[in-house]
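Participant: Let me begin by handing over the structure; questions about it come next.
The values are calculated or read from the model by the stated rules, or taken from the named source; none is laboratory data. These numbers come from a predicted model, not from an experiment. Reconstructed Cβ throughout: ideal geometry from the backbone, glycine too, with neighbour counts over all protein chains shown. Just so you know, the surface numbers come from the protein's heavy atoms only, side chains and all, with ligands and any DNA or RNA stripped out. Shrake-Rupley method; radii C 1.70, N 1.55, O 1.52, S 1.80 Å.
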Amino acid sequence: MKKILLIEDNMEVRENLAEILTLSGYDVVTGEDGVIGVEKAISESPDLILCDVMMPRLDGFGVLRI
């Protein structure tokens with residue numbers, strides 16, 4: 001099963017997207033902001049990362065640079 005890391009600070013959007021992806025057969029890991037997202041990207045080794053751009057602490061461009 002392919003693993004997707006979803007990094008999104010808006011809880012409702014994050015939960016809705018995670019549910020849709022899970023129902024579509026993906027293993028979904030979520031992160032609430034860029035810092036947590038980077039930590040999970042390192043520890044979980046996802047096949048794909050979906051990342052919001054405007055987030056607190058570390059924005060999507062910062063995640064991409066790391």
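Participant: Restricted to segment 22-41, and to residues that are acidic (Asp, Glu) and in a loop (DSSP other than H, G, I, E, B), which residue is nearest to Leu64 (Cα to Cα)?
Facilitator: Once the filter is applied, the top-ranked residue is Asp33.
Participant: Can you tell me which residue within segment 42-66, out of those that are charged (D, E, K, R) and not in a loop (DSSP other than H, G, I, E, B), is most open to solvent (accessible area, probe 1.4 Å)?
Facilitator: Step by step, filter segment 42-66, then rank; the result is Arg65.
Participant: If you take the residues of segment 21-41 that are over 13 Å from Leu6 (Cβ atoms) and within 12 Å of the chain's Cα centre (by Cα), which of them is most open to solvent (accessible area, probe 1.4 Å)?
Facilitator: Per the stated criteria, the residue is Glu39.
Participant: Collect the residues in segment 1-20 that are part of a loop (DSSP other than H, G, I, E, B) and open to solvent by less than 30 Å² (accessible area, probe 1.4 Å), keeping them in residue-number order.
Facilitator: The one that is part of a loop (DSSP other than H, G, I, E, B) and open to solvent by less than 30 Å² (accessible area, probe 1.4 Å): Glu8.
Participant: State the number of residues belonging to segment 14-25 that are in contact (Cβ under 8 Å) with a residue 12 or more places away in the chain, farther than 13 Å from Ile49 by Cβ and aliphatic (A, V, I, L, M).
Facilitator: The number of residues fulfilling the criteria is 1.
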